[in-house]
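Asks: Okay, handing you the structure first.
The values are calculated or read from the model by the stated rules, or taken from the named source; none is laboratory data. As the structure is a prediction and not an experimental result, all values here were calculated from the model. The area values use the complete protein model at the heavy-atom level, side chains included, leaving out ligands, DNA and RNA. Shrake-Rupley method; radii C 1.70, N 1.55, O 1.52, S 1.80 Å.
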Amino acid sequence: MQWNTKQTNELFMAILQLKTTDEARRFFRDLLTEDELIEFGNRWLAARLLAKGVSYTKIQDRTRLSSTTIARVSKWLNKGMDGYKLMIARLSHHTKPL
């Protein structure tokens with residue numbers, strides 16, 4: 001299944017129009033289920049922890065993600081399109097220590 005479609009590009013354009021954390025929270029809560037939001041939040045945390053060299057076991061304990069999901073996040077962190085790396089670098093001075 002192709003993921004890079006007109007519909008996903010329109011979604012990305014909508015995301016780019018969000019101006020505040022509150023707007024993002026409201027939009028994503030309407031778009032996603034609570035479980036999906038939690039899952040994506042945990043994947044984002046896993047990516048940041050992996051970038052800091054934290055072990056899979058510690059990430060699994062903290063996020064409750066499966067080792068398979070953590071491995072997938074690691075794969076995309078290290079051999080993906082550099083989206084995780086871009087956002088980790090961009091937000092590194094805005095976020096609290098993990």
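Asks: From (1) open to solvent by less than 90 Å² (accessible area, probe 1.4 Å); (2) more than 15 Å from the chain's Cα centre (by Cα); (3) of a type outside the set (K, R), pick out the condition that doesn't hold for L49.
Replies: Every listed condition holds for L49 apart from (2).
Asks: Here's something else I'd like to know. Mind counting the residues in the range 1-57 that are polar (S, T, N, Q) and part of a helix (DSSP H, G or I)?
Replies: Pass one, the range 1-57, residues polar (S, T, N, Q): 2, 4-5, 7-9, 17, 20-21, 33, 42, 55, 57.
From the residues that got through so far, the ones that are part of a helix (DSSP H, G or I) too are 7-9, 21, 42, 57.
Within the range 1-57, residues that are polar (S, T, N, Q) and part of a helix (DSSP H, G or I) number 6.
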